[in-house]
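Novice: Sharing a structure, written as structure tokens. Questions coming.
Every number here is computed from the coordinates shown, using simple stated rules; none is lab data. Quantities reported herein were computed from a predicted structural model and do not represent experimental measurements. As a convention, Cβ positions derive from the backbone with ideal geometry for all residues, glycine included, and neighbour counts pool all protein chains shown.
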Amino acid sequence: MRRPQYLFNKKDWFSVDRNQRASLEKEITELNADYLLNMPTEDLAQHFESKYRIDVPVLLVSEIVTDQKETQIDVSHDPYRINLDPSRPHYIKGTMVEISVPFSGDGDVFHIQPTAFTSHLPEGVVENCLLVLRMEGTNLMVEKVRGEIDRTIAEIQNYLTTLRANAGGLNTQLRSLARTQIERRREKLLADRSLVASLGFKIKERKGESNTYTAPSVRRKITPSSPPPSKKPFKPEPALAASDYEHILNVIQNMAQVMERSPSAFKTMNEEDLRFHFLVQLNGHYEGQATGETFNYQGKTDILVRSGDKNIFIAECKYWGGDKKLIETIDQLLGYSSWRDTKVAIVIFNRNKELSKVLDAIPDAVRSHPNYKRDVERMSETSFRYVFSHRDDQSREMIVTILAFDIPK
């Protein structure tokens, strides 16, 4: 006699939820320290979210296929066959109808007991991406078979609906949980390595480990903190504090609003003249390290903040020239090859009418770039923010904020 193969009865949802969270935290705790320090937090968080999320199956009922074959059926326990000894099997030929239901998602979910369930469990077998339902009998009737199939599928759908609600709570928290764990361990690793570096002794090198890591943030006045040059395994690179970055952008936006409100004073200026006004305003807010000017420029359009040989802030001021020119500007920024976590800005001056068309064109142009990674947030109607990867190293990221303004002709 065929033994029942019940679904949704091997492990309960609460244990699955606990296991996913604990496994995620454990893997981050045991992750190679250099790898964790070199990888962007958001990339790692996204990876762990994808790895530990529960993808509840979706039945593709429109693609069901059926089959039938002869089989041997034990009728020794049939109450209508009173002449048979129930202690010994007695087989006769019968029919097996097999219903194969394709599904998308994780087949292991069919073995999880949801938080709400009934005493009657549906039967089925998971084979690759198919849920197989089988019915046996010696005198199967169409109406009975179809009715049983419909009832079984309906029961399975109800269980999956409950599991989908259960998994939704876990899935929406995974990225935040991973991010918290990554940042907590990153802070500890950096604190530990900074402690050792401060002892004044030579640090033992670890073979095969990377020599560069994300740097601690800097504070206004902009004086990036960087260790003395050495061949030590831990060598933080300077980075601009998020608060300084936001303040710099705010100064740029305020200056652009002055230009918009006083059009006659700026209508004859070219890119270099406009950039000079931004430099004056920025250096009025920040004290320079050696020259008295924190913000300076190099070449035609750069506004730079440098720490040693590293650019920690770059701004490009450009008149809007279409999608192609914007992509060329992004390429120019990506050409600065020795950065990690560099924060940059593209200031777009629009001297054409219909600024709304420029604002509509910017996101599609940016996302078409091969090094685009993700949107961060839409700061306002005329400002955007994105993350790009280095051309030679996906783990090195550049934060790009694009500000667009109308400048009168």
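Novice: Tell me, rounded to the nearest percent, the portion of alpha carbon pairs in segment 11-177 spaced more than 27 Å apart.
Specialist: I get 46 percent for the Cα pairs in segment 11-177 exceeding 27 Å.
Novice: Taking neighbour counts of Cβ atoms within 10 Å as a proxy for exposure, in what order, fewest first, do Glu272, Glu30 appear? Please list the in-between numbers first.
Specialist: On the way: Glu272 11, Glu30 8.
Going from least to most buried by this count: Glu30, Glu272.
Novice: Continuing with the same structure: Beta carbons within 10 angstrom, averaged per residue: use that to sort the peptides 362-374, 96-108, highest first.
Specialist: Put in order of decreasing packing, that is 96-108, 362-374.
Novice: Using per-residue counts of other Cβ atoms within 10 Å, averaged over each peptide, order 120-129, 158-167, 50-59 from highest down.
Specialist: 158-167, 50-59, 120-129
Novice: Right, next: Under a crude label model (7 Å from the Cα following the beta-carbon direction), how far is Thr41 from Glu183 in nanometres?
Specialist: 0.4 nm
Novice: While we're here: Would you mind checking Lys11/Lys188; Lys11/Lys69; Lys93/Lys144; Lys325/Lys353 for any pair whose Cα atoms are more than 28 angstrom apart? It would help to have the intermediate numbers written out before the result.
Specialist: Working: Lys11/Lys188 36 Å; Lys11/Lys69 33 Å; Lys93/Lys144 19 Å; Lys325/Lys353 18 Å.
In this structure, Lys11/Lys188; Lys11/Lys69 exceed 28 Å between Cα atoms.
Novice: Assuming R0 = 35 Å, what is the FRET efficiency of Lys51 and Arg88, from their Cβ-Cβ distance, to the nearest 0.05?
Specialist: The computed FRET efficiency comes out at 0.10.
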